[in-house]
1. Sort through 179, 172 and tell me the only one that's of a type in the set (Ser, Thr, Tyr), surrounded by 23 or more Cβ atoms within 10 Å (Cβ to Cβ) and at pLDDT 95 or above.
2. Would you say residue 131 is within 30 Å of residue 230 (Cα to Cα) and charged (D, E, K, R)?
3. Kindly evaluate residue 141 against the criterion of being surrounded by 23 or more Cβ atoms within 10 Å (Cβ to Cβ) and modelled with pLDDT of 95 or more.
4. Working carefully through the options 88, 131, find the one that is farther than 28 Å from residue 251 by Cα, out of contact with any strand residue (DSSP E or B) (no Cβ under 7 Å at 6 or more places or on another chain) and surrounded by 17 or more Cβ atoms within 10 Å (Cβ to Cβ).
5. Every residue in region 12-33 that is in a helix (DSSP H, G or I) and either aromatic (Phe, Trp, Tyr) or modelled with pLDDT under 85 (or both), please.
6. Return the residues of region 314-327 that are open to solvent by 40 Å² or more (accessible area, probe 1.4 Å) and part of a loop (DSSP other than H, G, I, E, B); say none if nothing qualifies.
7. Considering region 130-161 alone, what residues qualify as being out of contact with any Leu (no Cβ under 8 Å at 6 or more places or on another chain), assigned to a loop (DSSP other than H, G, I, E, B) and at negative phi?
8. Between a residue in region 6-35 that is within 25 Å of residue 94 (Cβ to Cβ) and any residue that is at pLDDT below 80 and not hydrophobic (A, V, I, L, M, F, W, C), which pairs come within a Cβ distance under 6 Å, given they are 6 or more apart or on different chains?
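The values are calculated or read from the model by the stated rules, or taken from the named source; none is laboratory data. What you see is a predicted model; the values in this text were computed from it and never measured. Glycine gets a Cβ as well: all are built from the backbone with ideal geometry, and neighbour counts include every protein chain shown. Note: accessible area is taken over every heavy atom of the protein model, side chains too, but ligands, DNA and RNA are not part of it. Shrake-Rupley method; radii C 1.70, N 1.55, O 1.52, S 1.80 Å.
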Amino acid sequence: MGGRMCTRKDVAEHAGVSVTTVSNVLNHSKEARPEIVERVKKAAKELNYHPNLIAKGLKMNNSMQVGVIISEINNPYFIDVLQGIEEEAAVHGYNVSIFFIKGDIWHKYKDLMGRRFAGVINLSNIPYTQELQTALMKQGAHLVCFDPLVSSQVNFDARPALKELMLKAKEYGHRKLSYAVGFPEEVARQDERVNTYMCAYEELGFEKHPYQLIYGDFPKTSSEQNGVNTARFALAHHCEASAYFAINDMCALGMMSEFSRAGLHVPDDISVIGCDGIAISELVYPQIATIDVPRNEIGRRMMLEIRNAVAGGESTSVTMSCRALFRESLGKAKS
(Lines give C-alpha, C1' and ligand atoms only; values in the text may rest on other atoms or scores of the structure.)
Protein backbone atom coordinates (compact mmCIF):
# COMPACT_ATOMS: atom_id res chain seq x y z
CA MET A 1 0.00 0.00 0.00
CA GLY A 2 3.11 2.20 -0.16
CA GLY A 3 2.84 3.18 3.53
CA ARG A 4 -0.72 4.45 3.06
CA MET A 5 -3.34 3.36 5.59
CA CYS A 6 -5.62 0.69 4.16
CA THR A 7 -9.25 1.76 3.73
CA ARG A 8 -12.54 -0.06 3.34
CA LYS A 9 -12.44 0.82 -0.35
CA ASP A 10 -9.18 -1.13 -0.65
CA VAL A 11 -10.76 -4.12 1.09
CA ALA A 12 -13.80 -3.92 -1.20
CA GLU A 13 -11.62 -3.91 -4.35
CA HIS A 14 -9.50 -6.80 -3.03
CA ALA A 15 -12.58 -8.86 -2.17
CA GLY A 16 -14.51 -7.92 -5.32
CA VAL A 17 -17.49 -6.47 -3.45
CA SER A 18 -18.94 -3.04 -2.75
CA VAL A 19 -17.79 -0.74 0.08
CA THR A 20 -21.29 -1.05 1.56
CA THR A 21 -20.94 -4.83 1.72
CA VAL A 22 -17.59 -4.49 3.50
CA SER A 23 -19.18 -2.13 6.05
CA ASN A 24 -22.12 -4.49 6.61
CA VAL A 25 -19.83 -7.47 7.15
CA LEU A 26 -17.35 -5.73 9.46
CA ASN A 27 -20.08 -3.97 11.48
CA HIS A 28 -22.31 -7.06 11.60
CA SER A 29 -25.12 -4.72 10.55
CA LYS A 30 -26.68 -6.88 7.82
CA GLU A 31 -26.67 -10.55 6.90
CA ALA A 32 -24.42 -11.60 4.03
CA ARG A 33 -23.81 -14.93 2.33
CA PRO A 34 -21.14 -17.01 4.12
CA GLU A 35 -18.83 -16.96 1.07
CA ILE A 36 -19.04 -13.13 0.92
CA VAL A 37 -18.26 -12.83 4.65
CA GLU A 38 -15.27 -15.14 4.19
CA ARG A 39 -13.95 -13.12 1.21
CA VAL A 40 -14.25 -9.82 3.07
CA LYS A 41 -12.57 -11.12 6.21
CA LYS A 42 -9.79 -12.73 4.20
CA ALA A 43 -9.20 -9.50 2.26
CA ALA A 44 -9.13 -7.44 5.47
CA LYS A 45 -6.58 -9.81 6.99
CA GLU A 46 -4.37 -9.89 3.90
CA LEU A 47 -4.35 -6.09 3.68
CA ASN A 48 -3.88 -5.74 7.46
CA TYR A 49 -6.97 -3.54 7.60
CA HIS A 50 -8.00 -1.98 10.90
CA PRO A 51 -11.06 0.28 11.24
CA ASN A 52 -10.48 3.96 11.93
CA LEU A 53 -12.22 4.23 15.29
CA ILE A 54 -11.89 8.02 15.40
CA ALA A 55 -13.65 8.41 12.05
CA LYS A 56 -16.26 5.87 13.08
CA GLY A 57 -16.86 7.75 16.32
CA LEU A 58 -17.29 11.07 14.52
CA LYS A 59 -19.76 9.54 12.11
CA MET A 60 -21.81 7.97 14.93
CA ASN A 61 -21.42 10.97 17.27
CA ASN A 62 -19.84 8.52 19.70
CA SER A 63 -16.12 8.78 20.44
CA MET A 64 -16.03 5.12 21.58
CA GLN A 65 -13.88 6.38 24.45
CA VAL A 66 -14.58 5.78 28.14
CA GLY A 67 -12.81 7.55 30.99
CA VAL A 68 -12.34 5.96 34.39
CA ILE A 69 -11.42 8.11 37.40
CA ILE A 70 -9.56 6.22 40.11
CA SER A 71 -7.75 7.34 43.26
CA GLU A 72 -5.90 4.15 44.30
CA ILE A 73 -4.28 2.30 41.42
CA ASN A 74 -2.34 -0.15 43.61
CA ASN A 75 -5.42 -1.60 45.34
CA PRO A 76 -6.32 -4.95 43.69
CA TYR A 77 -10.02 -4.21 44.22
CA PHE A 78 -9.90 -1.44 41.64
CA ILE A 79 -7.77 -3.54 39.29
CA ASP A 80 -10.47 -6.22 39.35
CA VAL A 81 -13.19 -3.65 38.64
CA LEU A 82 -11.09 -2.11 35.86
CA GLN A 83 -10.61 -5.54 34.33
CA GLY A 84 -14.39 -5.96 34.15
CA ILE A 85 -14.76 -2.52 32.55
CA GLU A 86 -12.03 -3.23 30.00
CA GLU A 87 -13.34 -6.70 29.13
CA GLU A 88 -16.86 -5.39 28.48
CA ALA A 89 -15.53 -2.34 26.63
CA ALA A 90 -13.47 -4.54 24.30
CA VAL A 91 -16.56 -6.57 23.38
CA HIS A 92 -18.27 -3.41 22.13
CA GLY A 93 -15.24 -1.72 20.54
CA TYR A 94 -14.66 0.95 23.21
CA ASN A 95 -11.28 2.18 24.43
CA VAL A 96 -10.67 2.88 28.11
CA SER A 97 -8.53 5.70 29.54
CA ILE A 98 -7.61 5.82 33.23
CA PHE A 99 -7.30 9.07 35.18
CA PHE A 100 -5.38 8.61 38.42
CA ILE A 101 -6.42 11.38 40.80
CA LYS A 102 -5.57 11.63 44.49
CA GLY A 103 -6.60 15.20 45.15
CA ASP A 104 -8.12 18.06 43.25
CA ILE A 105 -9.54 16.89 39.92
CA TRP A 106 -9.23 20.27 38.24
CA HIS A 107 -5.60 19.73 37.25
CA LYS A 108 -6.90 16.93 34.97
CA TYR A 109 -9.84 19.00 33.75
CA LYS A 110 -8.41 19.76 30.29
CA ASP A 111 -7.67 16.10 29.62
CA LEU A 112 -11.16 15.07 30.66
CA MET A 113 -12.79 17.72 28.50
CA GLY A 114 -10.51 17.18 25.51
CA ARG A 115 -11.30 13.48 25.04
CA ARG A 116 -15.03 13.91 24.33
CA PHE A 117 -15.80 10.73 26.22
CA ALA A 118 -18.89 8.68 25.49
CA GLY A 119 -18.96 7.96 29.20
CA VAL A 120 -17.05 8.59 32.41
CA ILE A 121 -16.97 6.14 35.35
CA ASN A 122 -16.13 7.31 38.85
CA LEU A 123 -14.25 4.77 40.99
CA SER A 124 -13.09 7.41 43.45
CA ASN A 125 -14.50 8.85 46.66
CA ILE A 126 -13.27 12.35 45.83
CA PRO A 127 -16.21 14.79 45.72
CA TYR A 128 -16.89 16.45 42.39
CA THR A 129 -18.58 19.76 41.73
CA GLN A 130 -21.84 20.10 39.85
CA GLU A 131 -19.93 22.30 37.41
CA LEU A 132 -17.66 19.44 36.34
CA GLN A 133 -20.51 16.97 35.99
CA THR A 134 -22.54 19.45 33.94
CA ALA A 135 -19.57 20.16 31.66
CA LEU A 136 -19.06 16.45 30.98
CA MET A 137 -22.76 15.91 30.26
CA LYS A 138 -22.87 18.89 27.88
CA GLN A 139 -20.20 17.11 25.85
CA GLY A 140 -22.46 14.07 25.67
CA ALA A 141 -20.69 11.96 28.29
CA HIS A 142 -22.87 9.51 30.19
CA LEU A 143 -21.87 9.42 33.86
CA VAL A 144 -21.65 6.38 36.13
CA CYS A 145 -21.35 6.64 39.93
CA PHE A 146 -21.33 10.43 40.17
CA ASP A 147 -24.26 12.36 41.66
CA PRO A 148 -27.26 9.94 41.69
CA LEU A 149 -29.44 12.71 40.27
CA VAL A 150 -27.47 12.85 37.03
CA SER A 151 -25.76 9.48 36.65
CA SER A 152 -26.27 5.73 36.60
CA GLN A 153 -25.40 3.95 39.82
CA VAL A 154 -23.69 0.57 40.14
CA ASN A 155 -23.11 -0.33 43.77
CA PHE A 156 -22.74 -3.32 46.04
CA ASP A 157 -24.69 -4.04 49.22
CA ALA A 158 -22.29 -5.29 51.89
CA ARG A 159 -24.72 -4.72 54.76
CA PRO A 160 -26.08 -8.28 55.22
CA ALA A 161 -22.59 -9.81 55.01
CA LEU A 162 -21.22 -7.22 57.44
CA LYS A 163 -23.96 -8.04 59.95
CA GLU A 164 -23.19 -11.77 59.59
CA LEU A 165 -19.53 -11.18 60.39
CA MET A 166 -20.40 -8.97 63.35
CA LEU A 167 -22.78 -11.63 64.66
CA LYS A 168 -20.02 -14.24 64.35
CA ALA A 169 -17.70 -11.92 66.30
CA LYS A 170 -20.38 -11.74 69.00
CA GLU A 171 -20.65 -15.53 69.07
CA TYR A 172 -16.88 -15.74 69.43
CA GLY A 173 -17.04 -13.66 72.60
CA HIS A 174 -15.90 -10.27 71.31
CA ARG A 175 -17.47 -7.50 73.41
CA LYS A 176 -15.85 -4.43 71.86
CA LEU A 177 -15.17 -3.77 68.20
CA SER A 178 -13.45 -1.01 66.22
CA TYR A 179 -13.91 -0.05 62.59
CA ALA A 180 -10.96 1.25 60.57
CA VAL A 181 -12.95 3.59 58.33
CA GLY A 182 -10.03 4.86 56.27
CA PHE A 183 -11.85 8.04 55.23
CA PRO A 184 -12.18 11.39 56.97
CA GLU A 185 -15.30 11.66 59.12
CA GLU A 186 -17.29 13.79 56.66
CA VAL A 187 -16.82 11.17 53.90
CA ALA A 188 -17.36 8.21 56.23
CA ARG A 189 -20.84 9.42 57.14
CA GLN A 190 -21.92 8.76 53.55
CA ASP A 191 -20.73 5.13 53.52
CA GLU A 192 -23.51 2.60 54.12
CA ARG A 193 -21.05 0.11 55.63
CA VAL A 194 -20.18 2.55 58.39
CA ASN A 195 -23.83 3.31 59.11
CA THR A 196 -24.67 -0.41 59.12
CA TYR A 197 -21.79 -1.13 61.49
CA MET A 198 -22.94 1.52 63.96
CA CYS A 199 -26.57 0.32 63.91
CA ALA A 200 -25.60 -3.35 64.24
CA TYR A 201 -23.15 -2.47 67.01
CA GLU A 202 -26.03 -1.27 69.14
CA GLU A 203 -28.52 -3.93 68.01
CA LEU A 204 -26.14 -6.79 68.84
CA GLY A 205 -25.29 -5.33 72.23
CA PHE A 206 -21.59 -4.66 71.85
CA GLU A 207 -20.09 -2.52 74.61
CA LYS A 208 -19.60 1.15 73.79
CA HIS A 209 -16.13 2.70 73.92
CA PRO A 210 -14.42 5.84 72.54
CA TYR A 211 -12.87 4.16 69.50
CA GLN A 212 -15.73 2.35 67.81
CA LEU A 213 -14.76 4.27 64.66
CA ILE A 214 -11.18 5.18 63.75
CA TYR A 215 -10.95 7.60 60.81
CA GLY A 216 -8.24 7.99 58.19
CA ASP A 217 -7.33 10.40 55.40
CA PHE A 218 -7.80 8.39 52.21
CA PRO A 219 -6.94 9.12 49.40
CA LYS A 220 -4.04 11.19 50.75
CA THR A 221 -2.87 8.01 52.45
CA SER A 222 -3.18 4.57 50.85
CA SER A 223 -5.55 1.93 52.23
CA GLU A 224 -2.76 -0.24 53.60
CA GLN A 225 -1.09 2.73 55.29
CA ASN A 226 -4.42 3.71 56.81
CA GLY A 227 -4.52 0.21 58.25
CA VAL A 228 -1.04 0.63 59.70
CA ASN A 229 -2.01 4.01 61.13
CA THR A 230 -5.19 2.58 62.65
CA ALA A 231 -3.25 -0.15 64.44
CA ARG A 232 -0.71 2.37 65.72
CA PHE A 233 -3.50 4.66 66.93
CA ALA A 234 -5.26 1.77 68.68
CA LEU A 235 -2.08 0.65 70.41
CA ALA A 236 -1.09 4.19 71.42
CA HIS A 237 -4.55 4.89 72.87
CA HIS A 238 -4.87 1.47 74.58
CA CYS A 239 -8.02 0.68 72.60
CA GLU A 240 -9.90 -2.17 74.27
CA ALA A 241 -11.41 -3.62 71.09
CA SER A 242 -10.57 -7.27 70.48
CA ALA A 243 -11.78 -7.35 66.86
CA TYR A 244 -11.14 -4.75 64.13
CA PHE A 245 -13.21 -4.35 61.00
CA ALA A 246 -11.55 -2.64 58.03
CA ILE A 247 -13.06 -0.66 55.17
CA ASN A 248 -11.23 -2.93 52.71
CA ASP A 249 -8.81 -5.86 52.57
CA MET A 250 -5.72 -3.72 51.98
CA CYS A 251 -6.52 -1.78 55.13
CA ALA A 252 -6.94 -5.09 56.98
CA LEU A 253 -3.52 -6.22 55.72
CA GLY A 254 -1.95 -3.01 57.00
CA MET A 255 -3.47 -3.55 60.43
CA MET A 256 -2.37 -7.18 60.60
CA SER A 257 1.17 -6.20 59.68
CA GLU A 258 1.41 -3.50 62.34
CA PHE A 259 -0.22 -5.61 65.07
CA SER A 260 2.28 -8.36 64.25
CA ARG A 261 5.19 -5.92 64.58
CA ALA A 262 3.82 -5.01 68.00
CA GLY A 263 3.91 -8.67 69.06
CA LEU A 264 0.19 -9.39 68.70
CA HIS A 265 -0.92 -12.49 66.84
CA VAL A 266 -4.01 -12.69 64.60
CA PRO A 267 -6.39 -14.26 65.57
CA ASP A 268 -5.02 -15.50 68.91
CA ASP A 269 -4.64 -12.03 70.42
CA ILE A 270 -6.78 -9.93 68.12
CA SER A 271 -9.15 -10.48 65.16
CA VAL A 272 -9.15 -8.53 61.90
CA ILE A 273 -11.92 -8.51 59.28
CA GLY A 274 -11.69 -6.95 55.82
CA CYS A 275 -13.97 -6.16 52.90
CA ASP A 276 -13.64 -6.81 49.12
CA GLY A 277 -12.50 -10.44 48.83
CA ILE A 278 -9.42 -9.66 46.72
CA ALA A 279 -7.19 -12.63 45.85
CA ILE A 280 -4.44 -11.74 48.32
CA SER A 281 -6.90 -12.02 51.24
CA GLU A 282 -6.88 -15.78 50.66
CA LEU A 283 -3.13 -16.10 50.08
CA VAL A 284 -1.83 -14.54 53.30
CA TYR A 285 -1.64 -16.30 56.66
CA PRO A 286 -3.93 -16.19 58.41
CA GLN A 287 -6.47 -15.89 55.62
CA ILE A 288 -8.56 -12.75 56.03
CA ALA A 289 -12.21 -13.02 57.00
CA THR A 290 -13.87 -10.62 54.60
CA ILE A 291 -16.83 -9.65 52.44
CA ASP A 292 -16.70 -10.99 48.91
CA VAL A 293 -17.67 -8.17 46.53
CA PRO A 294 -18.43 -9.09 42.86
CA ARG A 295 -15.69 -6.82 41.54
CA ASN A 296 -15.44 -7.97 37.92
CA GLU A 297 -19.23 -8.03 37.52
CA ILE A 298 -19.46 -4.49 38.89
CA GLY A 299 -16.96 -3.28 36.28
CA ARG A 300 -18.80 -5.02 33.47
CA ARG A 301 -22.12 -3.55 34.56
CA MET A 302 -20.63 -0.05 34.72
CA MET A 303 -19.53 -0.37 31.11
CA LEU A 304 -22.92 -1.74 30.09
CA GLU A 305 -24.60 1.29 31.65
CA ILE A 306 -22.61 3.52 29.29
CA ARG A 307 -23.33 1.31 26.29
CA ASN A 308 -27.05 1.29 27.10
CA ALA A 309 -27.11 5.07 27.58
CA VAL A 310 -25.38 5.63 24.23
CA ALA A 311 -28.09 3.47 22.66
CA GLY A 312 -30.76 5.76 24.13
CA GLY A 313 -31.53 3.92 27.37
CA GLU A 314 -32.36 5.55 30.69
CA SER A 315 -29.95 5.87 33.62
CA THR A 316 -30.51 3.06 36.10
CA SER A 317 -29.47 2.08 39.61
CA VAL A 318 -28.06 -1.41 40.13
CA THR A 319 -27.06 -2.94 43.46
CA MET A 320 -25.16 -6.23 43.64
CA SER A 321 -25.17 -8.58 46.61
CA CYS A 322 -22.11 -9.74 48.53
CA ARG A 323 -21.34 -12.70 50.78
CA ALA A 324 -19.49 -13.13 54.04
CA LEU A 325 -16.29 -15.21 53.97
CA PHE A 326 -15.56 -16.67 57.40
CA ARG A 327 -11.81 -17.25 57.55
CA GLU A 328 -8.96 -17.62 60.01
CA SER A 329 -8.37 -13.95 60.90
CA LEU A 330 -11.69 -13.89 62.82
CA GLY A 331 -11.24 -16.05 65.89
CA LYS A 332 -12.49 -16.43 69.42
CA ALA A 333 -11.89 -13.55 71.81
CA LYS A 334 -8.94 -13.98 74.11
CA SER A 335 -10.17 -14.92 77.56
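1. Numbers: 172 fails: surrounded by 23 or more Cβ atoms within 10 Å (Cβ to Cβ).
None of the other options fit; the residue is 179.
2. Numbers: within 30 Å of residue 230 (Cα to Cα): no; charged (D, E, K, R): yes.
No: the conditions fail for residue 131.
3. In short, no.
4. On the way: 131 fails: surrounded by 17 or more Cβ atoms within 10 Å (Cβ to Cβ).
Matching residue, one of 88, 131: 88.
5. Taking region 12-33 as the starting set, the residues that turn out to be in a helix (DSSP H, G or I) are 12-15, 19-27.
Once the filter is applied, which keeps residues that are in a helix (DSSP H, G or I) and either aromatic (Phe, Trp, Tyr) or modelled with pLDDT under 85 (or both), region 12-33 yields 22, 23, 24, 25, 26, 27.
6. Within region 314-327, the subset open to solvent by 40 Å² or more (accessible area, probe 1.4 Å) is 314-317, 319, 321, 323, 326-327.
Correct list: 314, 315, 316, 326, 327.
7. Answer for region 130-161, where residues must be out of contact with any Leu (no Cβ under 8 Å at 6 or more places or on another chain), assigned to a loop (DSSP other than H, G, I, E, B) and at negative phi: 139, 141, 146, 147, 148, 149, 158.
8. 6/49; 11/49; 24/30
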